[in-house]
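Engineer: Handing you this structure, nothing more for now.
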Amino acid sequence: MGCIDPPPPAATESVSTSPADDICDLEALAGMLQQLQTHNQQYQRAIDALVAARRVVNGWDPKPEPELIWSVRREVLVAMNDQDALTRFDRDHAQDLAAEQAARHAATQQALEAPARVKALEQYIKDLAAEMAGDVDEGFIHQEMKRLLEPSAQRMLTAARAFVQAWREMRTIESRLKSTFQLTHYRAPRKTSFPENPAYKNQRLTEPILQKSGVFRGALQRPG
């Protein structure tokens, strides 16, 4: 029986052996992704501001109503021409009046500036989207993904080839063994329900094997 010749050694390529070795030199890729993430956050904030401004322009949100408690009281004192009372009122409620005036100004400005705010935000979003598109270098990303993933893919391919080669060798060995040896399976006879002669039982178990192999054919006889 001839021996199986081992397969010729496959040409090995220079591939890293550990996934940790593949993760290196990520500064450029990380910088680009970080900048893209920052722009994405700015883009989302601008979208939220645009939605709020459009709601004001379209009248979907109720108009803000600032409190005028201290302002109307001061107006009454002015109408009464009570200079002493007006002076005391301004002195005692200066902070309250300032807060109300600031709230009135903000509400008025919000309503007046809403249309212009919508236009400005729309233009800003367009400019930001163009800048984000220019920051994405698809060719560079493809090269980086190939550099990072190709070593692992090559290791997987090498392992798959080794498995297929080992499987083929196993099938070859199995085929040669089957063609060299004719292996036959024999099953022991079933047990009977009545006692048997021990000598006769041993003879029944060994006789088919000897008869099948052609050795001492007919040499064993059942006891009379």
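Engineer: Mind checking which residues of region 57-101 are among the hydrophobic types (A, V, I, L, M, F, W, C) and more than 30 Å from Ala116 (Cβ to Cβ)?
Structural biologist: Ile69, Trp70, Val72, Val76, Leu77, Val78, Ala79, Met80, Ala85, Leu86, Phe89, Ala94
Engineer: Follow-up. Filtering region 68-94 down to residues that are assigned to a loop (DSSP other than H, G, I, E, B) and touching a Lys or Arg at 6+ places or on another chain (Cβ under 9 Å), which residue is surrounded by the fewest Cβ atoms within 10 Å (Cβ to Cβ)?
Structural biologist: Once the filter is applied, the top-ranked residue is Leu68.
Engineer: Just a yes or no: is a residue in region 95-105 more than 30 Å from Arg45 (Cβ to Cβ), at pLDDT 85 or above and surrounded by fewer than 11 Cβ atoms within 10 Å (Cβ to Cβ)?
Structural biologist: yes
Engineer: Can you list residue pairs whose Cβ atoms sit under 7 Å apart, with the first residue in region 99-126 being free of Cβ contacts under 8 Å to residues at least 60 places away in the same chain and the second being of a type in the set (Lys, Arg)? Count only pairs 6 or more apart in sequence or on different chains.
Structural biologist: Between residues of region 99-126 that are free of Cβ contacts under 8 Å to residues at least 60 places away in the same chain and residues that are of a type in the set (Lys, Arg), the close pairs are Ala111/Lys63.
Engineer: Right, here's the next one. If the requirement is being in contact with a helix residue (DSSP H, G or I) (Cβ under 9 Å, 6 or more places away or on another chain) and aliphatic (A, V, I, L, M), which of these qualifies: Ala99, Ala79, Ala94?
Structural biologist: Ala99
The values are calculated or read from the model by the stated rules, or taken from the named source; none is laboratory data. Note that the structure is a prediction, hence the values are computed from the model and not measured. With ideal geometry, Cβ positions are generated from the backbone for all residues, glycine too; neighbour counts draw on all protein chains shown.
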